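What follows is a short report on a single structure.
The values are calculated or read from the model by the stated rules, or taken from the named source; none is laboratory data. Small disclaimer: the values here were computed from a predicted structure and weren't measured. Counting neighbours? That spans all protein chains shown, and the Cβs are built from the backbone with ideal geometry, glycine included. For accessibility, only protein heavy atoms count, side chains too; no ligands or nucleic acids. Shrake-Rupley method; radii C 1.70, N 1.55, O 1.52, S 1.80 Å.
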Amino acid sequence: MRLYLLILLLLFSVESLSNVLVKSEHSVPVGMAELNTFKKTCGNKCSFTGYINVNKLHFSEDVESGAFLLVRSEGGTKSFSVGIKANEDDKSAELVVMFNDGKNNSDSIVLAKSSLNAWEGFLLSWHDKELLIENLRSVKKIGLNNTPYSQIEKSGITYQTTLTFSPDHIAYMFMGSDAEMWIEMKNQNYNSSWKERYDKN
């Protein structure tokens, strides 16, 4: 029994070491936005994983509120975004995708309901203009001795599209919201320096 527990512990430790998440916290007032770009080193075939936990949204018809990851064109004039947005009608959080043609955002496409203080993970990958978005969520499990724990898994919620522009980089945008963001540093090819840095640790 002890040997079995030791093997499980070692497997858990190896799995934990293979994933490195770097956290940032963001608090953006109503009517304001925070936008920043992640430097990339990948070519036309890229993968990126990020997690967003929204603590607070503002439910108002006058201003948008949400937290998003964006795949942008060179110069950032066009983008495709995925994230959590406030639904003003029923005062809820929604998992959505949107396209910006450089002039206006398209209407939100609702992929699923979300909630405040819930991890929403996004695996973004593209090859040329073919973009795939896969949602990752925390799933409750029961372990040894009926001990509860959580595990991040693909939820089955996906969105695939052919972009009208060549994807150049990924950015984040927080609008009138309080949120935490985690970026996966090792299991990605978006930025090779992230992987190299944390492979040494």
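Side notes on the structure shown:
- Value of Rg to Rh for the stretch 77-137 (Rh from inverse mean 1/r over Cα pairs, i.e. Kirkwood): 0.99
- When the chain is treated as a GNM with alpha-carbon contacts under 10 Å, the residue of Asp90, Asp168, Asp107 showing the greatest mean-square fluctuation is Asp90.
- For the pair the stretch 15-94 and the stretch 148-201, the centres of their Cα atoms are 10 angstrom apart.
- Theoretical ellipticity at 222 nm over the chain - DSSP helices of four or more residues, -39500 (n - 2.57) apiece, nearest 500: -3500 deg cm²/dmol
- Phi-derived couplings, Karplus 6.51 cos²θ - 1.76 cosθ + 1.60 at θ = phi - 60°, listed residue by residue for the stretch 114-127: 10, 7, 5, 6, 10, 5, 10, x, 9, 9, 9, 9, 9, 10 Hz, with x used for Gly and Pro.
- Along principal axes, Cα extents of the stretch 18-133, largest first, whole Å: 41, 38, 25
- Lys, Arg +1 and Asp, Glu -1 on Cβ, resulting dipole of the chain about Cα centre, debye, nearest 20: 880
- The magnitude of the dipole of the stretch 36-84, with charges of +1 and -1 set on the Cβ of Lys/Arg and Asp/Glu and taken from the Cα centre, is near 400 debye.
- Most mobile listed residue (Val22, Val110, Val30) in the chain, GNM with C-alpha springs under 10 Å: Val22
- Take 36-44, 123-131, 177-185 and order them by the average number of nearby Cβ atoms within 10 Å per residue, most first; the result is 177-185, 123-131, 36-44.
- Dipole of the chain, positive end: most advanced residue of Gly102, Phe68, Leu57 [Cβ charges, Cα centre]: Phe68
- Top of Gly143, Gly75, Gly176 by mean-square fluctuation, Gaussian network on the chain, Cα under 10 Å: Gly143
- Considering only Met175, Asn189, Leu163, and ranking their Cα positions along the charge dipole of the stretch 153-201 that arises from unit charges at the beta-carbon of Lys, Arg, Asp and Glu, the one farthest toward the positive end is Asn189.
- The stretch 42-201 - accessible surface per residue (Å², probe 1.4 Å): 49
- Hydrodynamic radius (Kirkwood) for the chain, which is based on Cα pairs only, to one decimal in Å: 18.1
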